[in-house]
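Below is one structure, written out as structure tokens; the observations come after it.
Read-outs throughout are calculated quantities, based only on the coordinates presented, and are distinct from any laboratory measurement. Values in this document were obtained by computation on a predicted structure and should not be read as measured data. Here Cβ is always computed from backbone atoms with ideal geometry, including for glycine, and neighbour counts include all displayed protein chains.
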Amino acid sequence: MPAWLSGSIRMNREELQKILPHREAMFLLDKAYVEEGIARAQKFITGDEWFLRGHFPGHPVVPGVILCEILGQSACVLFPDELAGKTPFFSGIKNARFRRPVVPGDTFSTEVELVRKSMGFYFLEAKGFVEGELCVEAQLSFAIR
């Protein structure tokens, strides 16, 4: 674990853009907080996001694949040095469970923890919440290339 993870760091969108290679419209984090190896991030769902158009008319719901992407981007803040000039690629999403819909007006909060790193692959446990209620959980893996 990098030494800076033993303390804490808070990042806004501008600081996150220095770490993540994602850009609009796929840059999905509003802020992040890292403490003792756990990344916590937030995405404020305003209702104007591109992924809500048509999903579903009259009852917009954040797609599960977008929730997984937010979890993945949250994981990336754990590895700023490894990401410098490189791109993270999902290699797996296992045991994803969706427990509660995320809708406009919600603040989607994540918690992601590194379980292990092996041969260039990162394996993580990830959870997403709204107001403390579990919405999604999954085991993620990715490689940095």
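Label the chain by shape, choosing from rounded, prolate and oblate, from the square roots a ≥ b ≥ c of the eigenvalues of the Cα gyration tensor; if a/c is under 1.5 it is rounded, and otherwise prolate applies when a/b is larger than b/c, oblate when it is not. Judged from the Cα gyration tensor, the chain comes out prolate (a/c at least 1.5, a/b above b/c).
Comparing L71, G58, Q139 along the charge dipole axis of the stretch 37-145, the residue lying farthest to the positive side is Q139, per the Cβ-charge model.
When the helices of the chain are scored as -39500 (n - 2.57) per DSSP H run of n ≥ 4 and the total is divided over every residue, the value at 222 nm lands at -3500 deg cm²/dmol.
What's the magnitude of the charge dipole for the chain around its Cα centre, counting Lys and Arg as +1 and Asp and Glu as -1 at the beta-carbon? Answer in Debye, nearest 20.
On the way: 17 positive and 18 negative charges, 79 e Å.
In debye, rounded to 20, the chain gives about 380.
Between S91 and R116, the distance separating the two model label sites (each 7 Å from Cα on the Cα→Cβ line) works out to 1.2 nm.
Could you pull out the trypsin sites (Lys or Arg not before Pro) across the stretch 64-139 that fall in loop regions by DSSP (anything but H, G, I, E, B) with no more than 10 other Cβ atoms inside 10 Å? Present the calculation step by step, with values, prior to reporting the outcome.
Numbers: sites: K86, K94, R97, R99, R116, K117, K127; in loops: K86, R99.
Answer by residue number: there is no such site.
Rounded to the nearest whole Hz, the Karplus-based 3J(HN,Hα) values (6.51 cos²θ - 1.76 cosθ + 1.60, θ = phi - 60°) of the stretch 109-118 follow the sequence 10, 10, 9, 9, 10, 6, 8, 6, 10, 8, with x at glycine and proline.
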